[in-house]
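Participant: Before anything else, here's the structure in question.
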Amino acid sequence: MSSADVTLEFRGEYQDGLDPQTVLKRLGNVFGLGQPGLSEALSRPVTVLREQLSVEEAERYRAALQALGITLHVVPAAAGVATASATPAVVSQGPDDTATRTRVWNRMARTLPFEFSGQGAEFFRIWIVNILLTILTLGIYSAWAKVRTHRYFYGNTEVDGSRFEYLASPISILKGRLIATAALLLWVFSDVISPWLSVALVLIFIPLLPWVIMQSMAFRNHNSAYRNLRFTFRGGYGGALKAFILWPLLGVLTLGIMMPYAIYRQQRYLIEHSGFGTATFRFSAGAGDYFWVAFLAVALLMGGVTVASILGVVFAPLMVLGMIAVYLLVFAFWQVRTVNLRFNHSSLPGVHFESRYETRSYAWLVFTNLLGMALTLGLFYPWARVRTARYAAEHIVVVSDTDMEAFIAAEQGKVASTGQEMGDFFNVDLGI
């Protein structure tokens, strides 16, 4: 084949039975095109989206669009001639279809996948040394172990040719753990002094919990960086109090009915108060999205329990196996849907994310990880963690409607000029 002798075709196929209207809306948002034009073009039996591509270019475009929800086919130019003449390779948007198509593919070039290059055997060596030194130092080395682990996973995660950095000092983490350990010991032995002291300490900790979460988020974000630009967290105590105490309390008082709303408010608080440089994340999901996921999860649970119970009547051990399978499936379904909600509705100015977690593949990942850990008495943990990180990288992409280099350079300039680089309140990590 020559350097430009394949075409890229769409044949009306959507990923995993996704709703076409949802996919069209997503494509319209990414490319800045009207949904009617996209719908008209993609409703044909075969639509040639691009011609005269090299195989490498076609595969790159196909992988990126597949992450957005549609399936494309790469065909030799000779095979695509008749199709191309029957179905014009344009997305109808206005009189200048060539300019429109050029704009689409220019934007597609800025769909940036995450890449994770870590290996299980490599991380195993770090993990086992961390455990041994933590035991030998009576837990003191755990702060250094956390830094080594985070630096390994950050350093092996890459987007657009650059890797993430974890910048925390082990001493800062050790300070936080000493404080947390002292508080735990005080509570454990408070009963020896007086039962009322134990109750008082619990009552003190409840309103303190939102501050601990704020502090931990600020520490984690401040010590996470990409291209020398730090992440930030600027949440206030009042919002944290409502998100992590008041709304969950309402969920408990309503016997779980309002718990999806509490989860929604927590996600909204954490995302909308996080930032990258001076830019702040936006979160566009609604409470109804979380109620719908919860409703489907409960329906799946009830249906699974019913089937497992019927199997138990036939052969009792089948009920136990069935319940385990149901729990795994519901857990995977909840995780997949909430992760997709979190990423698909999070954005920075000109930058957003696309998450394509799938229940079946994620359930298999969880099952094989648990099986591996059970068969090896926990020694499979490093491989399980690496596999989970790789799965996340393979199912999430960054979509940039602007030049990423220019965006990051602008943010670095704003940070330098305004001095908004955020530090930590006590420069300690309290481990939440």
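Yes/no per residue for (1) within 28 Å of Phe295 (Cβ to Cβ); (2) without any contact (Cβ under 8 Å) to a residue 12 or more places away in the chain; (3) more than 23 Å from the chain's Cα centre (by Cα):
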residue: Leu209; (1), (2), (3): no, no, yes
residue: His222; (1), (2), (3): no, no, no
residue: Leu250; (1), (2), (3): yes, no, yes
residue: Ile257; (1), (2), (3): yes, yes, yes
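Participant: Sticking with this structure for a sec: What residue, of Phe205, Phe219, Phe189, Phe231, is of a type in the set (Phe, Trp, Tyr), exposed (fewer than 15 other Cβ atoms within 10 Å of the Cβ) and within 24 Å of Gln266 (Cβ to Cβ)? Quick ask: steps written out before the conclusion?
Facilitator: Values: Phe219 fails: exposed (fewer than 15 other Cβ atoms within 10 Å of the Cβ); Phe189 fails: within 24 Å of Gln266 (Cβ to Cβ); Phe231 fails: exposed (fewer than 15 other Cβ atoms within 10 Å of the Cβ).
Going through Phe205, Phe219, Phe189, Phe231 in turn, the sole match is Phe205.
Participant: Just give me the residues in the stretch 268-288 being farther than 28 Å from Asn228 by Cβ, open to solvent by 20 Å² or more (accessible area, probe 1.4 Å) and under 19 Å from the mean Cα position of the chain (by Cα), in sequence order.
Facilitator: To start, the set of residues in the stretch 268-288 that are farther than 28 Å from Asn228 by Cβ comprises 268, 284-288.
Narrowing the set further to residues that are open to solvent by 20 Å² or more (accessible area, probe 1.4 Å) leaves 268, 284, 286-288.
Of everything in the stretch 268-288, those that are farther than 28 Å from Asn228 by Cβ, open to solvent by 20 Å² or more (accessible area, probe 1.4 Å) and under 19 Å from the mean Cα position of the chain (by Cα) turn out to be Arg268, Ser284, Gly286, Ala287.
Participant: State yes or no: is Ala168 surrounded by 14 or more Cβ atoms within 10 Å (Cβ to Cβ), touching a helix residue (DSSP H, G or I) at 6+ places or on another chain (Cβ under 9 Å) and within 18 Å of Met217 (Cβ to Cβ)?
Facilitator: On the way: surrounded by 14 or more Cβ atoms within 10 Å (Cβ to Cβ): yes; touching a helix residue (DSSP H, G or I) at 6+ places or on another chain (Cβ under 9 Å): yes; within 18 Å of Met217 (Cβ to Cβ): yes.
So Ala168 passes the test.
Participant: Before we move on, is Gly239 more than 25 Å from Val351 (Cβ to Cβ), over 20 Å from the mean Cα position of the chain (by Cα) and either small (Gly, Ala, Ser) or modelled with pLDDT of 95 or more (or both)? Walk me through it before giving the result.
Facilitator: On the way: more than 25 Å from Val351 (Cβ to Cβ): no; over 20 Å from the mean Cα position of the chain (by Cα): yes; either small (Gly, Ala, Ser) or modelled with pLDDT of 95 or more (or both): yes.
Against the criterion (more than 25 Å from Val351 (Cβ to Cβ), over 20 Å from the mean Cα position of the chain (by Cα) and either small (Gly, Ala, Ser) or modelled with pLDDT of 95 or more (or both)), Gly239 does not qualify.
Participant: Sort through Ile257, Ile245, Ile263 and tell me the only one that's outside any helix (DSSP H, G or I) and over 20 Å from His352 (Cα atoms). Talk me through it step by step, then tell me what you get.
Facilitator: Working: Ile245 fails: outside any helix (DSSP H, G or I); Ile263 fails: outside any helix (DSSP H, G or I).
The unique qualifying residue is Ile257.
Participant: For the stretch 152-165, name all the residues that are surrounded by 19 or more Cβ atoms within 10 Å (Cβ to Cβ) and among the small types (Gly, Ala, Ser).
Facilitator: Residues satisfying the conditions do not exist here.
Participant: Restricting attention to the stretch 309-326, does a residue exist that is within 27 Å of Asn344 (Cβ to Cβ) and either free of Cβ contacts under 8 Å to residues at least 40 places away in the same chain or among the small types (Gly, Ala, Ser) (or both)?
Facilitator: Initial filter on the stretch 309-326 (within 27 Å of Asn344 (Cβ to Cβ)): 326.
If we keep only those that are either free of Cβ contacts under 8 Å to residues at least 40 places away in the same chain or among the small types (Gly, Ala, Ser) (or both) as well, we get 326.
There is at least one residue in the stretch 309-326 that is within 27 Å of Asn344 (Cβ to Cβ) and either free of Cβ contacts under 8 Å to residues at least 40 places away in the same chain or among the small types (Gly, Ala, Ser) (or both).
The values are calculated or read from the model by the stated rules, or taken from the named source; none is laboratory data. Given the structure is predicted, the values throughout are model-derived calculations rather than measurements. We place every Cβ from the backbone using ideal geometry, glycine too, and count neighbours over all the protein chains shown. Only protein heavy atoms, including side chains, enter the accessible area calculation; ligands, DNA and RNA are left aside. Shrake-Rupley method; radii C 1.70, N 1.55, O 1.52, S 1.80 Å.
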